[in-house]
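Visitor: I'd like to ask you about the structure that follows.
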Amino acid sequence: MRLTDQLTPSVIKIGLQSEDKEELFEEMVQLLVHAGRITDREAVLEALIERESQMTTGIAHWIGLPHGKVEGIEGLILALGISAKGIDYDPLDGEPVYVVLMVLAEADNPGPHIEALAEISRLFSTPGVTEHLREAKTPEAVLQLIRAEE
């Protein structure tokens, strides 16, 4: 699976304004609404909050990976955001989150969801990727960077 098959400039936001996790979920979901990728924002927010209540998706080294399974979604929906100031996300390492990759998947098909999380894990385990993403100035630059690593 290639993340760049699911990411377009319309679902990449440089300069997230959120200061905490709850604001971030709202901001990222609104990005997907504006891009026409989702219509039931409340169902998506509920799925993200439910998943987050089980354990933080702040996975360490400045990365947030909010994800959830949502009725009515087919396949995968991804969105990526970058914060210059950092977001209070309650991550495992206690550091602010600067790069957020949101993954939404259909409720009854875990395969693509698991594939996406594995690919994201592989991407962010590559030395320097998180730092380079933080330096990106445009959605196109983000896509170019991810494409080069795929």
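Visitor: Just give me the residues in region 136-150 being free of Cβ contacts under 8 Å to residues at least 24 places away in the same chain and surrounded by 12 or more Cβ atoms within 10 Å (Cβ to Cβ), in sequence order.
Guide: Those that are free of Cβ contacts under 8 Å to residues at least 24 places away in the same chain and surrounded by 12 or more Cβ atoms within 10 Å (Cβ to Cβ): 141, 144, 145.
Visitor: More than 22 Å from residue 14 (Cα to Cα), assigned to a helix (DSSP H, G or I) and among the polar types (S, T, N, Q): does that describe residue 121? Quick ask: steps written out before the conclusion?
Guide: Numbers: more than 22 Å from residue 14 (Cα to Cα): no; assigned to a helix (DSSP H, G or I): yes; among the polar types (S, T, N, Q): yes.
Taking the combined requirement at face value, the residue does not satisfy it.
Visitor: Which pairs turn up if I take residues in region 35-55 that are under 16 Å from residue 79 (Cα atoms) and look for partners that are among the basic types (Lys, Arg) and surrounded by 15 or more Cβ atoms within 10 Å (Cβ to Cβ) with beta carbon separation below 9 Å, at least 6 apart in sequence or on another chain?
Guide: 47/69
Visitor: Specify which of the listed residues (81, 111) is part of a helix (DSSP H, G or I) and either under 23 Å from residue 21 (Cβ atoms) or out of contact with any Ser or Thr (no Cβ under 8 Å at 6 or more places or on another chain) (or both).
Guide: Working: 81 fails: part of a helix (DSSP H, G or I).
Just a single option satisfies the conditions, and that option is 111.
Visitor: For region 22-44, which positions are in a helix (DSSP H, G or I), buried (at least 18 other Cβ atoms within 10 Å of the Cβ) and touching a helix residue (DSSP H, G or I) at 6+ places or on another chain (Cβ under 7 Å)?
Guide: Result: 25, 29, 31, 32, 44.
Visitor: Six or more apart or on different chains, Cβ under 7 Å: which pairs go from a residue in region 1-17 that's within 14 Å of residue 98 (Cβ to Cβ) and in contact (Cβ under 8 Å) with a residue 40 or more places away in the chain to one that's assigned to a loop (DSSP other than H, G, I, E, B) and of a type in the set (S, T, N, Q)? Could you list them?
Guide: 14/138
Readers should treat all values here as calculations from the given coordinates under stated rules, not as data from a laboratory. Predicted, not measured: the structure shown is a model, and the values here were computed from it. Cβ sites come from the backbone with ideal geometry, for glycine too, and all protein chains shown count toward neighbours.
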